[in-house]
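Just below is one structure, and these are the notes that go with it.
The values are calculated or read from the model by the stated rules, or taken from the named source; none is laboratory data. Predicted, not measured: the structure shown is a model, and the values here were computed from it. Counting neighbours? That spans all protein chains shown, and the Cβs are built from the backbone with ideal geometry, glycine included. Protein only, heavy atoms only, side chains kept; ligands, DNA and RNA dropped before computing areas. Shrake-Rupley method; radii C 1.70, N 1.55, O 1.52, S 1.80 Å.
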Amino acid sequence: MAEEDEAEIYEGMRSHFPLSFGKQAKSLTPLESIHNATRRTTTTTTTPPKHHQQQQQPQKPQFAPNSDEHGEGSAIGPPRPPETSLRGGDDDDDEEEEEEELMIGPPRPQPESNAADSDEDDGDGSGYEGEEKFRIPISNEIVLKGHSKVVSALAVDHSGSRVLSGSYDYTVRMYDFQGMNSKLASFRQLEPFEGHQVRSLSWSPSADRFLCVSGSAQAKIYDRDGLTLGEFVKGDMYIRDLKNTKGHISGLTGGQWHPRTKDTILTSSEDGSLRTWDVSDFKSQKQVIKPKLPRPARVPVTTCAWDHDGKCIVGGIGDGSIQIWSIKPGWGSRPDIHIEKAHEDDITGLKFSADGRVLLSRSTDDSLKIWDLRQTKKPIKVFDELPNHYAQTNVTFSPDEQLILTGTSIERDSTTGGLLCFFDRTKLELVSRVGISPTCSVVQCAWHPKLNQIFATAGDKSQGGTHVLYDPSFSERGALVCVGRAPRKKSVDDFEAKPVIHNPHALPLFRDQPSRKRQREKALKDPMKSHKPELPVTGPGFGGRVGSTKGSLLTQYLLKQGGMIKETWMEEDPREAILKYADVAAKDPKFIAPAYAQTQPEPVFAKSDSEEEEK
C-alpha cells in the first residue's frame, strides 16, 4: 500500500512539470484546417436537379472496374487527385501527383467517343459536370480588402507574386503574396491623381514597371515598388486636329503595356484617339490613331487592347463599332477591320485569342459577343442577359483558352448578386456561374496561368475588394502561400515608444490672446461692462404716454376701464379726419400758403368720369 501511495504522489507531482526541458516547438496549425476555413459555402449557382444527383451518385463507383490504374475510362475529364497525394503514399501515387501538377488549367478536349457518350447523358447537369470536366479552381476563396469603393482595375504580374488593384476611391493598392500573412493587408497604397478614378493597370513584360491609367489625361509609370518614374505629357485642348497635339486632351479610358516590347504602351481617351508612347521619353508620342467615323466628330474610344504578339491594336468606339489596326510599315489611322454597330452601347472589354482569329467583346448592352475575324459580318455567338453597369467590365480566356469568363453587375430588382460566368469556347454554351458577392458587382476578372487561380474584383459605392478563388489540390503558390502564414504574435520583450504629443494651446498660459475686436464685441454684450441703461417701459400707451396701463396715471386706466374715456381714433375714418381741417386751412393759412397766395393759381379739378357717364 505504501508503494502505491508513493506512486500516486509521484504522478501527481510529475503532472506539474513539463515533459521536456529547453525551447519548446511551436504548435503548427494543419493546412487542412486552414483550407477548410477558406472553403466556399456555395461554389456554383447552376447546380443539377435532385433527380440527376440521384442518378449520378450510384453511377460513380461503376467507373472503377472499367478504368485502368490512372482512372481513364468513360468518365468525362480527368479525375480528382487521390486522397493519398495530400498525406503521402506510394511511389506510383507520387508520380501521378507530379504529372497532375504539371497540368495547369482545363485539360485538352476529350476524344469524340467520350463526347458522344456524354451527349447521351441527361443534359440538365451541364453546370455540375462542367466543374468536373474543366477543373475550375473555385473550392476556396480569400478576399484582398482595403478599398472603400468598387475595384475597377486589376493586374497580376507574370510570376503571380504581386497583385495591383485600382478603385473608384482614387487609390491603387499593391499586394505581395510572398510578404503577406493571413491578414491579407496591402504593403503600399498610391493615389496617382487626386480626384480621378483608376481605370486600368498593366504590368510590363519584365514585370519591373507598371502602367496606371486614371480619369485624367496623363498616364503614369511606376516601378515595381510603387515609386513614380514619370507621367506622359498632356496635349493642347485648343488645337482641333488631334494629330497635332502632343498628348491626350481629355480623360483616359484604358491602357495596356505592349506584350513583347518593354518600352511601348497603348492608351485610349475620351478625346477620340488612341496613342502609342515610348516609355523612355515621356514628352513624345509614337503614333496617333484616329478611328474611322461616318461624320467628323469627337467620339470617345472606350477601350483598347493589343493582340497576343503585339502586332494588332483593337479599339472599342463610342458609336458601338470595333476597329482593328495592323502594325506594319507605313500604317496609319485607316483600320484594317471595321465592324460597324458591333454593340448597341459602349464597349467595355476586348480580348484577342492567342492565334489572333477570335475576338471577344463585352458591352454595357448586357451582352458578350464572340467574333471570327475572318468573317466579321455577324458574331459567332451572342450571350445575352449579362448585366453590366461599369465601363471597366472585361472579358478574358482561361489559360488554355477552352473557357471564356466574365463578370456581371447586380440590378435593383434582381435577387442574384455579382456572378462570374464561364462559357465553353468550343460548344458555345454556359458551363458554370459562380456567385462572388450577393451585394456587389463583379467588374474585372483574370485566370492566372502559373498560379491556376482566378481573380475577380467586386464592390459597390461603399466597399470593394479582390476575390481570389483557388483549389488546394491543383493550385500553386499565390493564395496558398499567405493563407497559412499566421500573423506575428507580440512578445513580452517588444518595446514600442509611445509618441509625445505637443499641444501648446492646451494650457491657458500658451494660448493666443484674442483680438481686440472680439473683446470689444464681447464687452458690448455684457450689460455690466457696457454700463447699459435700463430700457424704458414698453407696451401700448395712450395720449402720447407709453406704459402697460395705456396711460401714466392710475385714474386714466380706471376711467378707461369704466368707459368714460373713449378712443375715438380707432372708429374714425382717417380721410374724414383730415378733411375736417380743409376749410380752416383754406381760410386761415398759417405757414407756406400765405407766401404764394397772390401768385398761386386756383386748382381746377377734373370732373369724374362716372358723373359724365350718368349725364
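Residues R485, R518, R199 ordered from highest to lowest accessible area at a 1.4 Å probe: R518, R485, R199. When nucleic acids and ligands are ignored and a 1.4 Å probe is applied, H531 ends up with an accessible area of around 150 Å².
In this structure the stretch 444-522 gives 72 Å² per residue of accessible area when probed at 1.4 Å with all protein chains present.
Hey, any idea what % of the stretch 382-496's accessible area is carbon plus sulfur with a 1.4 Å probe? With neighbouring chains kept in place, the figure for the stretch 382-496 is 49 percent. Computing FRET efficiency as 1/(1 + (r/R0)^6) for H308 and K283, where r is the C-beta to C-beta distance and R0 is 25 Å, gives about 0.25. Stretched out straight at 0.36 nm per residue, the stretch from R260 to S182 would grow longer than its current Cα-Cα span by 24.6 nm. Between N244 and K341, what is the FRET efficiency for a Förster distance of 45 Å, r being their Cβ-Cβ separation, to the nearest 0.05? Taking R0 as 45 Å, the efficiency between N244 and K341 is 0.90.
For the stretch 212-267, the share of accessible area belonging to carbon and sulfur comes to 45 percent (1.4 Å probe, ligands and nucleic acids excluded).
Under the criterion of Cα pairs below 8 Å and six or more residues apart, the relative contact order for the stretch 390-484 equals 21 percent. Just how many % of Cα pairs in the stretch 321-433 lie over 16 Å apart, if you round to the nearest whole percent? In whole percent, the long-distance tail amounts to 60. Of S216, S33, the residue with the largest accessible area leads and the full order is S33, S216 (1.4 Å probe).
The modelled label-to-label distance between K292 and T416, using points 7 Å beyond Cα along the C-beta direction, is 3.8 nm.
Multiplying the residue separation of A523 and K490 by 0.36 nm and removing their Cα-Cα distance gives an extension gain of 6.1 nm. Remark: the H531-S326 segment gains 64.7 nm on full extension, using 0.36 nm per residue and subtracting the alpha carbon distance.
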